[in-house]
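Note sheet for the following structure.
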Amino acid sequence: MKLAMIGFGQAGGKIVDKFLEYDQRTGSQIVRSAVAVNTAKADLLGLEQIPQENRVLIGQARVKGHGVGADNELGAEIAEEDIDEIQGAIDNIPVHEVDAFLIVAGLGGGTGSGGSPVVAKHLKRIYTEPVYGLGVLPGSDEGGIYTLNAARSFQTFVREVDNLLVFDNDAWRKTGESVEGGYEEINEEIVRRFGVLFGAGEVEAGDNVAESVVDSSEIINTLGGGGVSTVGYATESVELGNSGGGGLLSRFKSDGQDDGIESANTTNRVTSLVRKAALGRLTLPCEIEGAERALLVLSGPPQYLNRKGIERGRKWLEEQTGSMEVRGGDYPKNDPNVAAAVLLSGVHNVPRIKELQQVAIEAQDNIDEIRQESEDNLETLVEDEEDELDPLF
């Protein structure tokens, strides 16, 4: 799948930068074009992969390149005011070569949280290609203002895109690790999961051709009903060209096995991997029952991608979700891993979103209360009870 990626704000820019690095490392060629948009000059300078001409600094007249300070209403206003500058960078994208737009943003800050829904609305008005969002939720320990930003941005963003893929930092931060180290690892996880998903179906001349092809239209149809999506992922290593040692290969295949046993073993391993992907840690934790649509992508060396295993995994997903729209297929890669990516789209039973909204409402009430208290305190402080002082004007 060929994507035009727009990284909005600090987190969005870093993740798109990471996608370009992943493309170079794996040769998957997912990112057809990449743009970074920010109100903070320093964040744009810190990017390594996105070309200089595709880095757009907005809001210079209002914030002088210093960011919006977690004020997402200001972030939205600036995106509205400077939409022509953003469009100028988008004009360089060969849109006829892309399958969809993907706007990537952290939802807790100011620039990405406020600006990404504005750009999504703008793109949908102009282009016929689908516009997806990839929104990153802040951890619950990051503070009330970031939770409030995320809740407001989430409910706006999800209405403006064709589908909102969500990654929840809360489910992935490890205790005791540094903030920078934590985000680096989280960004790797985001790119790994979505890389396998969006990489499916891209076949060059001379490549291994899938037994059961997943192409960009399958992904578009799975995301097509809108709503919120989450991705599960599981992987096991194989040893290419060597049946000794541990790993998945030794369990798939051992000396003396006939083809029937080998095939049954491979089928079971594939099915097991699909279950691990769907029931393990999702990018947005939720109950998979009730998901409206699902897509299974299995990638790895072609000799370990078993059609019967994929079919059985797909059937199991149908039973678990209760959906009749479950697509599946394989993506052969000469990689020392077999990986299963499961896209669940139109999920509803998401306790984290309900919790986020509740905490945000409390934070909003607290902020209003503190603001009123602050005004009262200032009034008390400067009060001239006897009315003896004359103001300057």
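Between residue 303 and residue 279, how high is the FRET efficiency from 1/(1 + (r/R0)^6) when r is the Cβ-Cβ distance and R₀ = 30 Å? Nearest 0.05.
Calculated value: 0.70.
Just to be sure I follow: if Rg is taken over the C-alpha atoms of segment 264-334 and Rh is the Kirkwood radius over the same atoms, what is Rg/Rh?
0.97
Tell me the relative contact order for segment 1-81 as a rounded percent, counting alpha carbon contacts under 8 Å between residues six or more apart.
27 percent
Between beta-carbons, use under 10 Å as the cut-off and find the net charge around residue 356, counting Lys and Arg +1, Asp and Glu -1.
-1
Say the dipole of the chain comes from +1 at the beta carbon of Lys and Arg and -1 at that of Asp and Glu; which of 323, 266, 131 then lies farthest toward its positive end?
Final value for the positive-end residue is 266.
Would you please give the FRET efficiency between residue 159 and residue 315, computed as 1/(1 + (r/R0)^6) with r the Cβ-Cβ distance and R0 = 35 Å, to the nearest 0.05?
Calculated value: 0.55.
Quick check for you: with a 1.4 Å probe and neighbouring chains kept, what is the accessible area per residue of the chain, in Å²?
With the other protein chains kept in place, the chain gives 46 Å² per residue.
Got a number for the accessible area of residue 308? Probe 1.4 Å, square angstrom, nearest 10.
Its heavy atoms expose roughly 130 Å² to the probe.
Helix-only estimate, please: 222 nm mean residue ellipticity of the chain, summing -39500 (n - 2.57) across DSSP H runs of length 4 or more and dividing by its residues, to the nearest 500.
Value at 222 nm, helices only: -15000 deg cm²/dmol.
Springs between alpha-carbon pairs under 10 angstrom, Gaussian network model over the chain: which of 365, 168, 215 fluctuates most?
Maximum among the listed residues: 365.
Please report, to two decimal places, log10 I(q)/I(0) for segment 295-369 at q = 0.12, 0.23 Å⁻¹ as given by the Debye formula with identical point scatterers on the Cα atoms and no solvent.
Each listed q maps to, in turn, -0.52, -0.99.
Taking a cut-off of 22 Å between Cα atoms, list the lysines near residue 308, but don't count ones fewer than 8 places away on the same chain.
253, 276, 333
Find the relative contact order for the chain and round it to a whole percent, using C-alpha pairs within less than 8 Å whose residues are 6+ positions apart.
Result for the chain is 15 percent.
Viscosity 1.002 mPa s, temperature 20 °C: what is the translational diffusion coefficient of segment 1-158 from Stokes-Einstein with a Kirkwood Rh over Cα pairs, rounded to a whole number of µm²/s?
141 µm²/s
Based on the Cβ-Cβ distance from residue 87 to residue 263, what FRET efficiency comes out when R0 is 51 Å, to the nearest 0.05?
In this case the efficiency is close to 0.40.
Any idea how far apart residue 369 and residue 29 come out in nm if each label point goes 7 Å out from Cα toward Cβ?
Reported label-point gap for residue 369 and residue 29 is 5.8 nm.
Using Cα springs under 10 Å in a Gaussian network model of the chain, which residue among 149, 334, 54 shows the largest mean-square fluctuation?
334
Quick one: in segment 1-81, what % of C-alpha pairs are over 21 Å apart?
29 percent
Divide the volume of the convex hull of the Cα atoms of segment 251-393 by its number of residues and quote the answer in cubic angstrom per residue.
Here the figure is 191 Å³ per residue.
For segment 55-130 and segment 376-393, write down the distance between their C-alpha centroids in whole Å.
Measuring centre to centre over Cα atoms gives 45 Å.
What percent of all Cα-Cα pairs in the chain falls in each 20 Å bin, counting up from 0?
27, 51, 17, 4, 1, 0
The values are calculated or read from the model by the stated rules, or taken from the named source; none is laboratory data. Just so it is clear, the model here is predicted, and its values are computed rather than measured. Cβ: placed from backbone, ideal geometry, glycine included. Neighbour counts: every protein chain shown. The area values use the complete protein model at the heavy-atom level, side chains included, leaving out ligands, DNA and RNA. Shrake-Rupley method; radii C 1.70, N 1.55, O 1.52, S 1.80 Å.
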